[in-house]
1. Among (1) within 22 Å of residue 63 (Cβ to Cβ); (2) under 14 Å from the mean Cα position of the chain (by Cα); (3) surrounded by 13 or more Cβ atoms within 10 Å (Cβ to Cβ); (4) modelled with pLDDT of 95 or more, which single condition is residue 28 missing?
2. Within segment 75-92, track down each residue that is surrounded by 13 or more Cβ atoms within 10 Å (Cβ to Cβ) and outside any strand (DSSP E or B).
3. List the number of the failed condition for residue 59; all other conditions in (1) without any contact (Cβ under 8 Å) to a residue 24 or more places away in the chain; (2) surrounded by 12 or more Cβ atoms within 10 Å (Cβ to Cβ); (3) assigned to a helix (DSSP H, G or I) hold.
4. Condition (residue is in contact with a strand residue (DSSP E or B) (Cβ under 8 Å, 6 or more places away or on another chain), outside any strand (DSSP E or B) and farther than 21 Å from residue 93 by Cβ) applied to segment 6-14: is it met by at least one residue?
5. Working only within segment 15-44, note down all residues that are assigned to a helix (DSSP H, G or I), more than 9 Å from residue 70 (Cα to Cα) and in contact with a strand residue (DSSP E or B) (Cβ under 7 Å, 6 or more places away or on another chain).
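The values are calculated or read from the model by the stated rules, or taken from the named source; none is laboratory data. Since we're looking at a predicted model, the values are computed, not measured. Here the Cβ is made from the backbone with ideal geometry for all residues, glycine too, and neighbour counts use every protein chain on show.
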């Protein structure tokens, strides 16, 4: 999964495609586990994905009303369709993501 900067996020949002934006912080143990799950998901599902270190983009936490990390935004047509804070398992994530893939 690629590390995105603000320009990458803007390009993704303007493209109005379906994809995932993952917000994390490096010192968060739960985020490290969630990152590993998303690496598996990335191998199993063809969907645009990017991750962003929320320490560098606190304004995005406000813009997207991120309450905690890890946070996964499932986006469709440039709109947040679902926000996940509890990742549970890879099968859980796959089920959630596949609901938005056509």
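1. All conditions pass for residue 28, except number (2).
2. 78, 85, 87, 90, 92
3. Result: residue 59 fails condition (2) only.
4. yes
5. Selection gives 38, 42.
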